[in-house]
Amino acid sequence: MIFDEKYEILENRHISGITYLLRIKAPQLKDAPAGSFAMVRATSDIQYDPMMRRAFAIADVQGDEVLLYYDVYGKGTQVLTQLKKGEQVSVLAPLGKNFFPYNYNHYVIVGGGIGFAGLSLFMKKLRKMGKSFTAIYGVRRKEQLSMLDWIKENGFEDDVIIYTEDGSYGEKGLVTRDLDKLINEKPDTALAVCGPKGMMRAVMDVARKHNAPAYLSLESKMACGFGICIGCVIKDTEKDSYIRVCYEGPVFDGYKIKF
């Protein structure tokens, strides 16, 4: 069920770089699927500037609290940063229809930048199911590692390999540096990926070399979030037609789409 509600803000603070954490009290969203997302309006009232909601991954669900990480790029997200604890924010969620599968023995999870927030809830659900996984978290420089605290607070330090392009934290290099080895370490390994398109294309190049299953959670600008505006389409190469990231996705088989 999708809820269009006003939720109390428990926390809305700058984390690092251009990233903020929005924590809301949203008991209706306690069963949100991993990979689902929320459309957030910058204020709780109807407004016309900015008019549209903004799409953010549901990064974590902790009891009746939901965590959303967002990068500040334009007016909509800038207005969102001004909201204070105790105020309300309008949220349409959980959205999406297709999510990560749970039927593989082992997963390599690859997150780039804010895209790691599209994978974090999946990690928690895999752990709860007793599934094996290794996570990769890649950014250009240390200050972009906005989810370090979340990783430590949830005890994932031993499960996450961190890469920075400039070597300022963790391993130096791209997320694909050791990907061949990680795919080959265990049989029946699938990839779960979210991040910049260039990064996902590079990951798919490695996946194809090993014929490894790969599922991509796509990031896209969305106006509605539920399939009406047709503003977030991608090419379905299998059907030779276009499909909507928000409605048929946001998670897709990486071998069946062109993005």
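With point charges of +1 on the Cβ of Lys and Arg and -1 on the Cβ of Asp and Glu, referenced to the Cα centre of the chain, which listed residue (83, 14, 196) lies farthest in the positive direction of the dipole?
196
Once you charge only the Cβ atoms, +1 for Lys and Arg and -1 for Asp and Glu, what is the size of the charge dipole of the chain about its Cα centre, to the nearest 20 debye?
The calculation lands at about 340 debye.
Working out 0.36 nm times the residue gap between residue 4 and residue 211, then minus their Cα-Cα distance, what length gain in nm do you get to one decimal?
Values: separation 207, 0.36 × 207 = 74.52 nm, distance 4.07 nm.
Stretched fully, the residue 4-residue 211 segment lengthens by 70.5 nm.
Please state the relative contact order of segment 73-185 as a whole percent: Cα pairs under 8 Å, 6+ residues apart? Intermediate values should be presented prior to the final figure.
On the way: 113 pairs, mean separation 22.5, N = 113.
Reported as a whole number, the value is 20 percent.
Can you give me the accessible area per residue for segment 83-194, using a 1.4 Å probe, in Å²?
On a per-residue basis, segment 83-194 sits at 45 Å².
Given H placed on each backbone N at 1.01 Å, which residues far from residue 161 in sequence or on other chains put an amide H within less than 5 Å of it?
135, 136, 137
Heavy atoms only, probe 1.4 Å: what % of the accessible area of segment 1-96 goes to carbon and sulfur, would you let me know?
On the way: 2250 of 4420 Å².
That fraction is 51 percent.
Would you pull out the residues with amide H under 5 Å of residue 191's amide H, same chain only if 5 or more places away, H placed 1.01 Å from N?
Under 5 Å from the amide H of residue 191: 108, 214, 215.
Identify the residues of segment 210-243 with backbone N under 20 Å of a label point that sits 7 angstrom from the Cα of residue 180 along the Cα-to-Cβ direction, or state none.
Backbone N within reach: 210-214.
Distance check, please: which entries in 6/124; 152/181; 75/239; 25/256 exceed 32 angstrom between their Cα atoms?
Working: 6/124 26 Å; 152/181 25 Å; 75/239 37 Å; 25/256 37 Å.
Over 32 Å apart, Cα to Cα: 75/239; 25/256.
Under a point-charge model restricted to the Cβ atoms of Lys and Arg (+1) and Asp and Glu (-1), what is the dipole moment magnitude of segment 158-257 relative to its Cα centre, in debye to the nearest 20? If you can, show how the numbers build up before the last one.
Values: 13 positive and 16 negative charges, 79 e Å.
Rounded to the nearest 20 debye, it is 380 debye.
Could you please state, rounded to a whole Å, how far the C-alpha centre of segment 1-33 is from the C-alpha centre of segment 76-121?
9
Enter the angle in degrees (range 0 to 90, nearest 10) between the Cα long axis of helix 120-129 and the first principal axis of the Cα atoms of the chain, meaning the one along which they spread out most.
Taking the Cα atoms of the chain, the angle to 120-129 is about 60 degrees.
Would you mind checking the tilt of helix 197-210 against the longest principal axis of the Cα atoms of the chain, expressed as 0 to 90 degrees and rounded to 10?
30
Between residue 149 and residue 241, what is the FRET efficiency for a Förster distance of 51 Å, r being their Cβ-Cβ separation, to the nearest 0.05? Could the numbers behind the result be given before it?
Values: r = 42 Å, r/R0 = 0.83.
It comes to 0.75.
What spacing in nm lies between the two simple spin-label points modelled at residue 105 and residue 84, each 7 Å away from Cα in the Cβ direction?
5.6
The values are calculated or read from the model by the stated rules, or taken from the named source; none is laboratory data. A quick note: this is a predicted structure, and the numbers were derived from the prediction, not measured. Because the Cβ atoms are built from the backbone with ideal geometry, glycine has one as well, and the counts that use them run over all protein chains shown. Just the protein is used for accessible areas: all its heavy atoms, side chains included, with ligands, DNA and RNA removed. Shrake-Rupley method; radii C 1.70, N 1.55, O 1.52, S 1.80 Å.
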